[in-house]
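Right, one structure below, let's go through it.
The values are calculated or read from the model by the stated rules, or taken from the named source; none is laboratory data. These numbers were taken from a predicted model, which means no experiment stands behind them. Cβ: placed from backbone, ideal geometry, glycine included. Neighbour counts: every protein chain shown.
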Amino acid sequence: MKPDADTLAAAAKAAGTKGPPPIHLWNPPFCGDIDMRIARDGTWFYLGTPIGRAPLVKLFSSILKREGDAYFLVTPVEKVGITVDDAPLLATDFDVTGEGRSQVLTFTTKTEDVAPLGPDHPLRVERDVKSGEPSPYILIRSNLWALIDRKSFYRLIDLGCHEVHDGHKWFGIWSSGQFFPVIPSSELP
């Protein structure tokens, strides 16, 4: 029998301790897919209806796991598949400390995950094949990426500069002592 959202939430609460749950240690049997979806804008849906309770969404995000290209909600005793339209998390803001090459950009997601852009939390930018529109992402935790929202990306670009990276000139961002290329300088007007 497939669990419903209330059963999953109760199991996640029961398994929870201080700090993030140790989902990397949990390998329960697969119980099937449930009708839960994370939209590109970070909205979680259950049975086609948005989940409006932010604490419940935060709880579900704490038991989210990616295996290959599939996403699951995992408790110590069950694992169910869910649908993710793009990235499972959404970065909605960031703070900047320092300046230039020594600055550190620390991102916060809609579900209150916090990650400093750096070697353990890199940036990647994908571009739409047809429009060339960029989609920036930051690795938050355990192979879970967050799409960086548009307002934050525009703020991020304001902090960018041109650097030689892998033998080519790039426009990109410095954080935690590392340069993250965004777009080849030659492709900018």
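Yes/no per residue for (1) farther than 23 Å from W44 by Cα; (2) crowded, with 17+ Cβ neighbours inside 10 Å; (3) touching a strand residue (DSSP E or B) at 6+ places or on another chain (Cβ under 6 Å); (4) not basic (K, R):
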| site | (1), (2), (3), (4) |
| --- | --- |
| L89 | no, yes, yes, yes |
| S102 | yes, no, no, yes |
| L105 | yes, yes, yes, yes |
| L123 | yes, yes, yes, yes |
| I183 | yes, no, yes, yes |
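Going by the conditions given, is A87 touching a Leu at 6+ places or on another chain (Cβ under 7 Å), outside any strand (DSSP E or B) and either of a type in the set (A, V, I, L, M) or at pLDDT below 95 (or both)? When the stated conditions are applied, A87 passes them.
For the range 39-57, the criterion of being surrounded by 13 or more Cβ atoms within 10 Å (Cβ to Cβ) and of a type in the set (D, E, K, R) is met by none of the residues. Just to verify a result, which residue in the range 108-121, among those that are in contact with a strand residue (DSSP E or B) (Cβ under 7 Å, 6 or more places away or on another chain) and under 17 Å from S62 (Cα atoms), is surrounded by the most Cβ atoms within 10 Å (Cβ to Cβ)? Filtering first and then ranking leaves T109. Contact annotation: residue pairs with Cβ atoms under 6 Å, 6 or more positions apart or on different chains, pairing a residue in the range 161-189 that is under 17 Å from G98 (Cα atoms) with a partner that is among the β-branched types (V, I, T) and in a strand (DSSP E or B), are G172/V182; S175/V104; S176/V104; F180/I173. Scanning the range 105-118 for residues that are within 11 Å of the chain's Cα centre (by Cα), of a type outside the set (G, A, S) and not in a loop (DSSP other than H, G, I, E, B) yields F107, T108, T109, V114.
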